[in-house]
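Undergrad: This is the structure I want to talk about, given as structure tokens.
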Amino acid sequence: MQIASGGVTNVGRVRTNNEDSFQIVVALNLFVLSDGMGGEAHGEVASALAVETIVNYCSAPDDQDATMIFSDTPAGWAEKTKRLTNAVHLANKSIFDSAQKHQEQRGMGATVTAAWIDGPRLSVAHVGDSRAYLLRGGTLQQLTSDHSLVAEQVRRGILTAAEAERSEMQSVLLRALGAHLDIEVETEEHTLFDRDVVVLCSDGLTRMVTEPEIAGTLQAEPDPVKAAERLVELANEQGGADNVTVIVIRLGEESKGWFSWLRRGTRKGAESNGAAGGS
């Protein structure tokens with residue numbers, strides 16, 4: 001199974017700085033996206049630190065891997081799933097420790113959604129309200145749960161989904177990297193199939209663009225870089241109220257259909273502080 005991917009980040013039409021970061025490590029099939037919080041408290045520092053910590057930990061040789069000390073993971077999970085989970089725990093600690101050491105960083109934090117593909121296995125580790133989606137057979141499925149106040153109110157039946165979309169409390173998170181020394185990481189494993197599409201995105205996309213629009217764009221544009229660019233364009237056309245970052249990952253047999261000419265590659269937006277590519 002071959003993988004083609006592309007990522008784009010953009011400041012949007014309202015914000016003056018981009019607090020999103022992302023990185024695609026092609027050699028590892030590792031994809032990491034983070035949305036920083038804190039504004040003057042250096043949200044962009046938190047997101048960059050989250051991405052860097054996760055990539056460095058997952059890229060280290062197996063014989064240099066530290067003991068799995070952060071999480072009590074199920075015995076049946078793959079080693080890469082455990083490693084990715086622990087990388088997110090380590091990112092949380094790195095942000096927390098940095099904020100404790102530097103007064104000007106107090107209050108900074110970040111969301112993170114990270115995906116690691118190993119053969120047909122997709123490992124996803126997640127904290128916050130950035131999202132991972134899976135498009136399969138024309139149906140878009142959200143793989144992650146938003147760790148936000150309004151999402152929890154929807155789950156409890158306090159708000160409807162429509163009311164949540166209009167709520168002024170959408171930005172209130174119940175979980176974020178760096179807020180506390182310990183963090184609960186949502187981790188899952190999924191099995192991937194030929195022609196599946198995985199999307200990671202910050203909430204700058206999902207607050208501006210509907211899920212049917214996301215699905216339609218992914219179906220209309222087979223090139224993952226162009227699909228990511230189009231989704232960012234849609235977010236900006238419909239308000240661009242926040243930074244927006246999108247990673248699109250397409251899977252397919254190398255000899256079949258459109259995938260035979262699609263090249264593996266990544267690119268970042270012109271207005272970005274995200275990182276693309278990798279070792």
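Undergrad: Across the stretch 127-142, in residue order, what do the Karplus-derived ³J(HN,Hα) couplings come to in whole Hz, using 6.51 cos²θ - 1.76 cosθ + 1.60 with θ = phi - 60° and x for Gly and Pro?
TA: For the stretch 127-142, the Karplus curve yields 9, x, 10, 6, 10, 10, 10, 10, 9, 9, x, x, 9, 9, 10, 7 Hz.
Undergrad: Sticking with this structure for a sec: Through the Karplus equation 6.51 cos²θ - 1.76 cosθ + 1.60, θ set to phi - 60°, convert the phi angles of the stretch 244-250 into ³J(HN,Hα) values in whole Hz; use x for Gly and Pro.
TA: Taking θ as phi minus 60°, the curve returns 9, 9, 9, 10, 10, 10, 10 Hz for the stretch 244-250.
Undergrad: Using the crude model of +1 on Lys and Arg Cβ and -1 on Asp and Glu Cβ, and no other charge, please compute the dipole size for the stretch 74-127 relative to its Cα centre, in debye to 20.
TA: Using Cβ point charges on Lys, Arg, Asp and Glu, the stretch 74-127 gives about 80 debye.
Undergrad: Got a sec? What order do TRP116, TRP77 fall in by accessible area at 1.4 Å, biggest, i.e. largest, first?
TA: So, going from the largest accessible area down, we get TRP77, TRP116.
Undergrad: Is the stretch 1-55 rounded, prolate or oblate when judged by the Cα gyration tensor, a ≥ b ≥ c being the square roots of its eigenvalues, rounded requiring a/c under 1.5 and prolate requiring a/b larger than b/c?
TA: oblate
Undergrad: What does the C-alpha gyration tensor say about the overall shape of the stretch 187-227? Classify as rounded when a/c is under 1.5, otherwise prolate if a/b is larger than b/c, or oblate.
TA: oblate
Undergrad: Then there is this: Mind running the shape call on the stretch 1-142? Use the C-alpha gyration tensor, a ≥ b ≥ c as the square roots of the eigenvalues: rounded below 1.5 for a/c, prolate if a/b tops b/c, oblate otherwise.
TA: Oblate is the answer for the stretch 1-142, as a/c is 1.5 or above yet b/c matches or exceeds a/b.
The values are calculated or read from the model by the stated rules, or taken from the named source; none is laboratory data. Just so you know, these numbers come straight off a predicted model, no measurement behind them. Neighbour counts are summed over all protein chains in view; Cβ atoms, including those assigned to glycine, are modelled from backbone coordinates with ideal geometry. Just the protein is used for accessible areas: all its heavy atoms, side chains included, with ligands, DNA and RNA removed. Shrake-Rupley method; radii C 1.70, N 1.55, O 1.52, S 1.80 Å.
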